[in-house]
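*Asks:* Input: one structure, supplied below.
The values are calculated or read from the model by the stated rules, or taken from the named source; none is laboratory data. Here the structure is a predicted model, which means the values were calculated and not measured. Neighbour counts run over all protein chains shown; Cβ positions are idealised from the backbone, glycine included. All accessible areas refer to the heavy atoms of the entire protein, side chains included, with ligands and DNA or RNA removed. Shrake-Rupley method; radii C 1.70, N 1.55, O 1.52, S 1.80 Å.
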Amino acid sequence: MAGRYELSDHSWSLIKDIVSPAQEMGRPRRDDRQVLNGIFWILCSGAKWRDLPERYGPWSTAYARFRQWRDDGTFDAVLARLQLKLREDGLMDLDTWMIDSTAVRATRAASGGGKKGGSDEPLDHALGRSRGGLTTKIHLVCDRHGWPLTFTLSPGQDADTCHFIPTMETIRLPGSVGRPRKRCRHIVADKGYDSDDLRRYCDRHRMKPIIAQRKMHRKPRPGLPRGFDKPKYRERNVIERGFGWLKELRRIATRYDKLARSFRAMVCLACIDRCLRADFSYKT
């Protein structure tokens with residue numbers, strides 16, 4: 001059980017220079033790999049920070065390091081590194097992307113953030129009330145193989161169409177040369193994204209929307225009807241399975257974090273863990 005959530009040597013070698021840069025002065029730090037393994041243990045088990053096993057070091061050190069890496073962009077940099085490797089190895093599809101959202105139930109303790117979090121923290125902490133109580137939505141974009149490309153958070157009651165453009169605008173897929181990739185040729189989504197504004201956005205950026213129409217919208221509209229690619233639409237189960245996998249991680253299945261920034265860091269860690277599974281030496 002000791003190695004269940006831990007990184008393999010090869011996986012650690014891919015991200016070591018980002019997570020654990022050389023220390024030139026000051027007191028020696030606790031081993032960054034050991035601490036990161038402890039953070040992954042929290043992510044997967046859903047336990048409280050104080051329940052962190054002793055083999056990962058003091059829980060306060062792991063929590064402090066989590067906040068440091070959350071705030072200085074380390075987690076984002078690691079995810080970008082792994083996305084670059086997937087792209088260079090030809091494992092990422094740049095033509096067909098998929099977008100969807102899932103609601104995550106938040107505990108009562110998660111609603112006590114108040115005004116904490118600084119200027120980057122949304123006032124509502126990405127918490128809202130819906131039929132399920134306090135919820136947060138994860139808006140995710142993945143490629144045809146299920147590799148996560150980007151995500152955003154919103155209160156649970158927000159409509160999916162309101163967050164399509166903001167989520168797509170955050171995509172910056174790094175490449176070895178040239179500008180980062182921002183657009184795809186086909187974007188696949190369910191009928192919750194059926195919107196004239198959304199389709200016009202896709203036309204403006206030369207993306208073909210493969211989106212099912214709502215019954216109320218089946219009357220002819222400007223720009224419709226357009227060819228609907230059923231085979232590609234059937235592949236949308238990839239993102240549904242991706243959400244199913246993400247919610248196997250208990251810190252994603254239920255939100256315990258008061259701050260949206262902390263929950264976002266947990267989702268980013270889940271995406272990192274997903275990308276590391278491209279490496280068959282990663283221990284599961």
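Each row is one residue, and each column tells you yes or no for (1) modelled with pLDDT under 95; (2) assigned to a strand (DSSP E or B).
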residue	(1), (2)
Leu86	yes, no
Met98	no, yes
Ala109	yes, no
Pro122	yes, no
Arg129	yes, yes
Leu134	yes, yes
Lys137	no, yes
Thr152	no, yes
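*Asks:* Name the single residue, out of those in segment 185-214 being surrounded by 20 or more Cβ atoms within 10 Å (Cβ to Cβ) and in contact with an Asp or Glu (Cβ under 6 Å, 6 or more places away or on another chain), that is nearest to Thr161 (Cα to Cα).
*Replies:* Step by step, filter segment 185-214, then rank; the result is Tyr193.
*Asks:* What is the residue count in segment 102-141 for residues that are out of contact with any strand residue (DSSP E or B) (no Cβ under 6 Å at 6 or more places or on another chain) and buried (at least 17 other Cβ atoms within 10 Å of the Cβ)?
*Replies:* Result for segment 102-141: 3.
*Asks:* Is it true that Val78 is under 30 Å from Gly178 (Cα atoms), crowded, with 19+ Cβ neighbours inside 10 Å and of a type in the set (Val, Ile, Thr)?
*Replies:* Working: under 30 Å from Gly178 (Cα atoms): yes; crowded, with 19+ Cβ neighbours inside 10 Å: yes; of a type in the set (Val, Ile, Thr): yes.
Considered against the rule, which asks whether it is under 30 Å from Gly178 (Cα atoms), crowded, with 19+ Cβ neighbours inside 10 Å and of a type in the set (Val, Ile, Thr), Val78 comes out as yes.
*Asks:* Right, something else. Which pairs do you get when a residue that is touching a residue at least 60 places away in the same chain (Cβ under 8 Å), found in segment 23-46, comes within reach of a residue that is surrounded by fewer than 19 Cβ atoms within 10 Å (Cβ to Cβ) and charged (D, E, K, R), reach meaning Cβ atoms under 7 angstrom, with the pair 6+ apart or on two chains?
*Replies:* From segment 23-46, the pairs are Cys44/Arg250; Ser45/Arg250; Gly46/Arg250.
*Asks:* Out of (1) more than 21 Å from the chain's Cα centre (by Cα); (2) of a type outside the set (A, V, I, L, M); (3) on the phi < 0 side of the Ramachandran plot; (4) not in a helix (DSSP H, G or I), the odd one out for Asp93 is which?
*Replies:* (1)
*Asks:* Confirm whether Leu82 is closer than 30 Å to Ile211 by Cβ and part of a helix (DSSP H, G or I). So that I can check it myself, show each step before the final result.
*Replies:* Numbers: closer than 30 Å to Ile211 by Cβ: yes; part of a helix (DSSP H, G or I): yes.
Yes: the conditions hold for Leu82.
*Asks:* Follow-up. Can we say Leu246 is modelled with pLDDT of 90 or more, more than 30 Å from Gly112 (Cα to Cα) and not charged (D, E, K, R)?
*Replies:* Working: modelled with pLDDT of 90 or more: yes; more than 30 Å from Gly112 (Cα to Cα): no; not charged (D, E, K, R): yes.
When the stated conditions are applied, Leu246 does not pass them.
*Asks:* Residues in segment 6-54 that are open to solvent by less than 40 Å² (accessible area, probe 1.4 Å) and not hydrophobic (A, V, I, L, M, F, W, C): how many?
*Replies:* 9
*Asks:* Would it be correct to say that Gly146 is open to solvent by 40 Å² or more (accessible area, probe 1.4 Å) and assigned to a loop (DSSP other than H, G, I, E, B)? Spell out the reasoning first.
*Replies:* On the way: open to solvent by 40 Å² or more (accessible area, probe 1.4 Å): no; assigned to a loop (DSSP other than H, G, I, E, B): yes.
The answer is no for Gly146.
*Asks:* Right, another one. Which condition breaks for Ser176 when tested against (1) modelled with pLDDT of 90 or more; (2) in a loop (DSSP other than H, G, I, E, B); (3) more than 15 Å from the chain's Cα centre (by Cα); (4) among the hydroxyl-bearing types (Ser, Thr, Tyr)?
*Replies:* Evaluating Ser176 over (1) modelled with pLDDT of 90 or more; (2) in a loop (DSSP other than H, G, I, E, B); (3) more than 15 Å from the chain's Cα centre (by Cα); (4) among the hydroxyl-bearing types (Ser, Thr, Tyr) leaves (1) as the failure.
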